[in-house]
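Just so you know, all these numbers are worked out from the coordinates, no wet-lab data involved. Since the structure is predicted, the reported quantities are computational estimates derived from the model, not experimental observations. Note that we place each Cβ from the backbone using ideal geometry, even for glycine, and neighbour counts take in every protein chain shown.
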Amino acid sequence: MSVSLIANPQVDRLREFEPERFGGLTTEGFERARDYLCALPEYAPTPLLRLDAAAKQGLIAGLWYKDEGLRFNLGSFKALAALYGLRSALSLERLRSPLPKLQGENLHQESIRRMSSVPMTVCCASDGNYGYALSWAARRFGCEAVVFVPDACSEARQSSIGEEGARVIRIPGTYEDAHKEAIRCSLENHWVLVSDTAFDGYEHIPRQIMEA
């Protein structure tokens with residue numbers, strides 16, 4: 001399975017003003033994510049479904065729907081991103097060096113063995129999907145998880161996150177309020193922030209999540 005990267009022509013213009021923030025994604029980064037995730041024992045490509053009737057109605061040549069509902073039986077399209085983002089964050093926190101290059105099932109199992117040696121708490125803010133996926137990923141790596149959700153998060157989504165073992169904290173206000181509280185608590189409690197939202201000084205993990 002090859003990887004192709006199509007650059008946004010606007011990036012070059014933005015890079016002139018903020019070069020440190022627009023380093024861009026790389027083909028090599030996507031390939032590393034692909035190699036790791038495709039080696040998971042339970043990994044399988046998700047089906048790509050043809051929607052011929054919808055394409056005809058929209059007067060376009062073709063339309064396909066990528067069904068992520070079957071991914072790891074989670075029903076969440078963010079499962080791969082959360083798993084890879086968490087693995088990257090724990091690699092930075094615990095190993096301070098890249099994981100050895102392993103092949104096949106050993107790649108994931110060795111990640112878990114080495115990273116689960118010291119208990120750790122991870123946290124994030126979420127409207128539902130990402131927090132659910134991160135809670136699932138944290139359980140696989142033997143971590144505690146805390147997920148901050150805003151008022152807009154439904155009770156059903158909050159319950160699904162809790163069912164994966166995370167502690168869910170509802171924050172009055174918007175996602176941004178929940179995100180700020182996740183940052184504050186991660187600093188105060190020495191938790192590992194695994195956010196899919198970048199901010200100044202915190203770009204590496206969101207970039208890893210995008211690569212997945």
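If amide H atoms are built 1.01 Å from N in the plane of the peptide, which residues on other chains or at least 5 residues away come under 5 Å of the amide H of Leu193?
Cys123
Points 7 angstrom from Cα along the Cβ direction at Asn189 and Leu63: gap in nanometres?
4.4 nm
How long is region 24-211 along each principal axis, judged by its Cα atoms, biggest number first, in Å?
55, 44, 33
Convert each backbone phi in region 63-72 into a coupling constant with the Karplus relation 6.51 cos²θ - 1.76 cosθ + 1.60 (shift: θ = phi - 60°), then list the ³J(HN,Hα) values in order as whole Hz, x for Gly and Pro.
Each residue's phi maps through the Karplus curve to give 9, 10, 10, 8, 8, 8, x, 8, 4, 6 Hz.
From the backbone phi of region 133-139, what are the Karplus-calculated ³J(HN,Hα) couplings (6.51 cos²θ - 1.76 cosθ + 1.60, θ = phi - 60°) in whole Hz, Gly and Pro given as x?
Once θ is set to phi - 60°, the couplings for region 133-139 become 5, 5, 4, 5, 5, 4, 5 Hz.
Taking the Cα centre of each part, how many Å lie between region 186-212 and region 22-83?
Measuring centre to centre over Cα atoms gives 22 Å.
What length, rounded to one decimal in nm, is gained on full extension from Phe30 through to Tyr202, with 0.36 nm per residue of separation minus their alpha-carbon distance?
Gain on stretching Phe30 to Tyr202: 60.0 nm.
So what are the ³J(HN,Hα) numbers for region 164-180, from phi and the Karplus equation (6.51, -1.76, 1.60; θ = phi - 60°), rounded to whole Hz, Gly and Pro as x?
Using θ = phi - 60°, the values come out as 7, x, 7, 8, 9, 10, 8, 10, x, x, 9, 4, 4, 5, 5, 5, 5 Hz.
Using 0.36 nm per residue of separation minus the Cα-Cα distance, give me the extension gain between Glu93 and Ala156 in nm, one decimal. Write out the running numbers ahead of the final one.
Details: separation 63, 0.36 × 63 = 22.68 nm, distance 3.23 nm.
Separation in residues times 0.36 nm, less the Cα-Cα distance, equals 19.4 nm.
In whole Å, largest first, what are the principal axis extents of the Cα atoms in region 118-212?
Taking max minus min along each principal axis of the Cα atoms, region 118-212 gives 31, 28, 28 Å.
Taking a point 7 angstrom from the Cα of Asn73 along the C-beta vector, which residues in region 151-167 have backbone N less than 15 Å away?
Inside the label zone: 164.
For a quick check: with amide H placed at 1.01 Å from N, whose amide H comes under 5 Å from Ala145's, ignoring anything fewer than 5 positions away on the same chain?
Result for Ala145 returns Val122, Arg167.
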